[in-house]
1. Given axes a ≥ b ≥ c from the Cα gyration tensor, I'd like to know whether the stretch 8-122 is rounded (a/c under 1.5), prolate (a/b larger than b/c) or oblate.
2. Would you list which aspartates and glutamates come within 13 Å of Lys94, measuring only between C-alpha atoms, while excluding same-chain residues fewer than 8 positions from it?
3. Report ³J(HN,Hα) in whole Hz for each residue of the stretch 99-115, in order, from the Karplus equation J = 6.51 cos²θ - 1.76 cosθ + 1.60 where θ = phi - 60°; Gly and Pro get x.
4. Which value, in Å² and to the nearest 10, is the accessible area of Lys94 when all protein chains are kept and the probe is 1.4 Å?
5. Tell me, what is the percent relative contact order of the stretch 19-69, built from C-alpha pairs under 8 Å that lie six or more residues apart?
6. Where does the charge balance sit around Asp34 when Lys and Arg score +1, Asp and Glu -1, over other residues with C-beta under 12 Å from its C-beta?
7. What whole-number distance in Å separates the alpha-carbon centres of the stretch 1-46 and the stretch 88-116?
8. So if we plug the beta-carbon distance of Glu126 and Asn63 into 1/(1 + (r/R0)^6) with R0 = 25 Å, what FRET efficiency do we get, rounded to 0.05?
Amino acid sequence: MPRVVPDQNSKFTNEEFFRKLSRECEIKYTGFRDRPHEERQARFQNACRDGRSEIAFVATGTNLSLQFFPANLHGDQRQVPSREYVDFERETGKVHLKAPMILNGVCVMWRGWIDLQRLDGMGFLEYDDERAQVTHTDRKPHNHVRVGLCWG
């Protein structure tokens, strides 16, 4: 079974799931909900610096486990994410994030920002045409995402 669908752009454009998530909407950090807020803030920042985090689209309840690295086309060891993917300096009190992934067989880029105090922000998905072309032709390992629903 292929990891990407043959007509990724059509699927991204026509499926309600992608249409909803391609509009900028409210997101929140979902990690360590049982811990005090100050600890969650520290854990979120550390996770971002390590190149990962868990977020949810509030309106749909869609949870994503994100990796903030370029598409890993050659199996190289990952290191600290670059400022292109995790940017604490762009805007005071916020971190701007970018995460490429294959979601439901479609190459997408998740983009967003999260307020470092409140642990919420705004985010959206966009179709990653460049990566879709490479992925469809070479079928090498890529970043994949776990998707879940949260109704809380």
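The values are calculated or read from the model by the stated rules, or taken from the named source; none is laboratory data. Computed from a prediction, not measured in an experiment: that's the story for all the values here. Every residue, glycine as well, gets a Cβ built from its backbone with ideal geometry; the counts of neighbours run over all protein chains shown. Keep in mind that these areas ignore ligands, DNA and RNA; they rest on the heavy atoms of the full protein, side chains included. Shrake-Rupley method; radii C 1.70, N 1.55, O 1.52, S 1.80 Å.
1. The shape class here is oblate.
2. Straight-line reach from Lys94, under 13 Å: Asp115, Asp120.
3. 9, x, 6, 9, 10, 6, x, 10, 6, 9, 10, 8, 10, x, 9, 9, 5
4. 40
5. With pairs under 8 Å counted, the relative contact order is 37 percent.
6. Overall, the nearby charge balance is +3.
7. 9
8. 0.85
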